[in-house]
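**Q** Encoded as structure tokens, here's the structure I'll be asking about.
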Amino acid sequence: MKSTLQSMLIAAAALSAVPAFAQDKATLDLLVKKGIITAEERAKTLQSAAATKTESGMDRVFIKEAGANRLTFSGRIQGQWEMADYTQTAAGVETQATDLNNVLMRRLYLGAKVDVGYGFSGELVWNFGDSSQGTSGVRAGAADKAVFTYEAEFGKFDIGYQKVNFGQEENTSSSALYTVERSMLTRYFAESNNGRRLGFGARHVGLHYSNKIVVGEGGPGTFAYGAAIVDAVQGYNSTGVNDYGYYANASFDWKPLGLMVGVNFGITPHGGTLTAVGGSTDMVEGLNPYFKYVTGDLTVVGEYITTAVDATSGTIASSGGVDRDPNGYNLTLAYKLSEKLEAVARYSALDTDGRGQQVGDGFRDVVTTGTSGSTYDKSHSIFIGFNYYFNKNNAKIQVGYEKAKLEGTITYNGDGTFSTNQANFADADIFRVQAQVLF
């Protein structure tokens with residue numbers, strides 16, 4: 001009697017707990033095998049749990065069957081310590097700016113992606129992080145990505161807010177950069193237009209298309225291509241723009257050689273605004289060939305960016321109606337010293353062709369207080385650093401030093417031409433340490 005009562009109590013406890021674990025059929029099978037519950041009680045428990053799930057609506061959100069709806073979350077946490085020293089030299093006199101010594105949460109991203117079936121999905125990534133001049137002009141508390149996606153055999157269509165394909169480094173995720181920060185070259189073409197920077201690439205609202213074709217038996221090669229028709233100005237809530245930007249890209253990745261080559265192209269109104277419907281505006285065309293080569297422990301990445309600013313209406317700041325052709329390049333080398341430790345070097349050069357640049361246009365957070373904040377025509381920099389991977393990009397620490405020089409203060413003439421004073425220049429020394437966790 002005592003044994004029977006004990007079995008009944010155990011069975012009752014098991015039956016009360018089982019609904020919370022009704023999907024674990026193995027547990028129920030074990031209870032049946034031990035004689036604690038009967039096969040009939042097992043079946044009733046599963047039936048009751050299924051009915052409760054349906055009534056609660058849970059099966060309309062998380063369906064177990066393959067290919068059904070799925071909701072996933074992702075995140076990126078980056079904390080950074082930065083130090084910077086900036087000086088300007090004019091007529092042989094050096095002026096020292098206020099030093100930078102700062103800690104910040106560089107990026108705090110939280111993303112959610114839902115698959116609603118039949119090839120349709122949606123994704124939203126929100127940035128809660130750094131409120132300074134973050135990558136591509138992203139502000140703290142701003143959307144990093146917001147798209148509605150349809151994917152089929154003939155390609156993927158994204159409608160919404162995301163990056164266009166222009167700039168190899170710009171389109172590399174900030175979680176996968178070899179360097180702590182993107183280069184001055186990348187920021188000059190991708191950051192928001194301020195009369196010097198172009199605001200040409202980065203994030204735009206519109207229709208984005210992409211597709212891939214596997215080439216060769218066993219898939220040793222991949223040909224990728226895409227196009228986008230987007231709002232001419234960056235941002236996800238811009239109004240009154242009155243024009244569009246057009247972008248196209250193609251790349252080929254040949255795995256046997258470890259080589260990937262590609263090219264991006266775009267054309268968009270300068271500044272993204274028109275004064276009237278049917279009016280005219282300055283146009284900007286951009287070309288961006290690039291490559292990535294991997295051999296053994298060495299990775300080499302290079303890109304060239306050139307743009308033609310067509311000043312047809314003469315409204316571009318500092319142009320005087322004269323076309324400008326800013327251009328430059330990045331060259332990055334990364335070498336694995338061990339399974340977890342990697343050495344990195346990058347050289348960048350930029351010629352603004354008279355549009356000009358200030359140190360803040362290309363180097364985030366550098367302080368110019370105490371100097372005149374001059375505008376220069378050309379710049380170049382070298383970055384040297386190390387990456388330590390605890391678990392690939394999921395957990396890593398990056399350390400880097402960047403030495404930058406800006407040269408030739410600009411004087412504009414009345415006819416749109418300009419001259420530079422090569423005796424005037426600026427130097428920046430920047431040191432950063434960044435820790436990252438992805439989930």
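**Q** Are any residues in region 178-211 part of a loop (DSSP other than H, G, I, E, B) and more than 17 Å from the chain's Cα centre (by Cα), and if so, which ones?
**A** Keep residues of region 178-211 that are part of a loop (DSSP other than H, G, I, E, B), which gives 178-183, 191-202.
ASN193, ASN194, GLY195, ARG196, ARG197, LEU198, listed by residue number.
**Q** A further question on this structure: What number of residues within region 127-175 are outside any strand (DSSP E or B), modelled with pLDDT of 85 or more and within 20 Å of ARG364 (Cα to Cα)? Working first, answer last.
**A** First pass over region 127-175, keeping only residues outside any strand (DSSP E or B): 128-141, 153-154, 164-175.
Within this subset, residues satisfying the condition of being modelled with pLDDT of 85 or more are 128, 153-154, 164-175.
Filter once more, so that each one left must be within 20 Å of ARG364 (Cα to Cα): 128, 167-175.
The total comes to 10.
**Q** Among the residues of region 309-318, write down those that are at pLDDT 50 or above and either among the acidic types (Asp, Glu) or surrounded by 17 or more Cβ atoms within 10 Å (Cβ to Cβ) (or both). Full working, then the answer.
**A** Initial filter on region 309-318 (at pLDDT 50 or above): 309-312.
Residues satisfying the conditions are VAL309, ASP310, ALA311.
**Q** Every residue in region 417-439 that is out of contact with any Lys or Arg (no Cβ under 9 Å at 6 or more places or on another chain) and of a type in the set (A, V, I, L, M), please.
**A** ALA423, VAL433, listed by residue number.
**Q** Only one residue in VAL214, VAL263 is in a strand (DSSP E or B), closer than 20 Å to GLY155 by Cβ and modelled with pLDDT under 95, so which one is that?
**A** Values: VAL263 fails: modelled with pLDDT under 95.
VAL214 is the lone residue from the list that is in a strand (DSSP E or B), closer than 20 Å to GLY155 by Cβ and modelled with pLDDT under 95.
**Q** I'd like to verify a number: residues in region 70-104 that are under 27 Å from GLY373 (Cβ atoms) and assigned to a strand (DSSP E or B), how many? Please lay out each step first, then the result.
**A** Kept after step one, since they are under 27 Å from GLY373 (Cβ atoms), are these residues of region 70-104: 80-104.
Among the residues that remain, those that are also assigned to a strand (DSSP E or B) are: 80-90, 93-96, 100-104.
Selection size over region 70-104: 20.
**Q** Within region 178-195, how many residues are surrounded by fewer than 21 Cβ atoms within 10 Å (Cβ to Cβ) and in contact (Cβ under 8 Å) with a residue 60 or more places away in the chain?
**A** Pass one, region 178-195, residues surrounded by fewer than 21 Cβ atoms within 10 Å (Cβ to Cβ): 192-195.
Going one step further and asking which of them are in contact (Cβ under 8 Å) with a residue 60 or more places away in the chain, we end up with 193-195.
Number satisfying all stated conditions: 3.
**Q** Right, next: Quick check on GLY258: is it of a type in the set (Gly, Ala, Ser) and under 28 Å from LEU333 (Cβ atoms)? Let's see the steps before the verdict.
**A** Values: of a type in the set (Gly, Ala, Ser): yes; under 28 Å from LEU333 (Cβ atoms): yes.
Yes.
**Q** Read through the list (1) in contact (Cβ under 8 Å) with a residue 60 or more places away in the chain; (2) within 23 Å of ASN387 (Cα to Cα); (3) touching a Lys or Arg at 6+ places or on another chain (Cβ under 8 Å), then give the number of the only condition that ALA202 fails.
**A** Against the list (1) in contact (Cβ under 8 Å) with a residue 60 or more places away in the chain; (2) within 23 Å of ASN387 (Cα to Cα); (3) touching a Lys or Arg at 6+ places or on another chain (Cβ under 8 Å), ALA202 comes up short only on (2).
**Q** Quick one: which residue in ASP365, ASP353 is farther than 21 Å from ALA91 by Cα and either under 23 Å from the mean Cα position of the chain (by Cα) or basic (Lys, Arg) (or both)?
**A** Working: ASP353 fails: either under 23 Å from the mean Cα position of the chain (by Cα) or basic (Lys, Arg) (or both).
Result: ASP365 is the single residue among ASP365, ASP353 that is farther than 21 Å from ALA91 by Cα and either under 23 Å from the mean Cα position of the chain (by Cα) or basic (Lys, Arg) (or both).
The values are calculated or read from the model by the stated rules, or taken from the named source; none is laboratory data. Remember, predicted model here, so these are calculated numbers, not experimental data. Note that each Cβ is placed from the backbone with ideal geometry, even for glycine, and that neighbours are counted across all protein chains shown.
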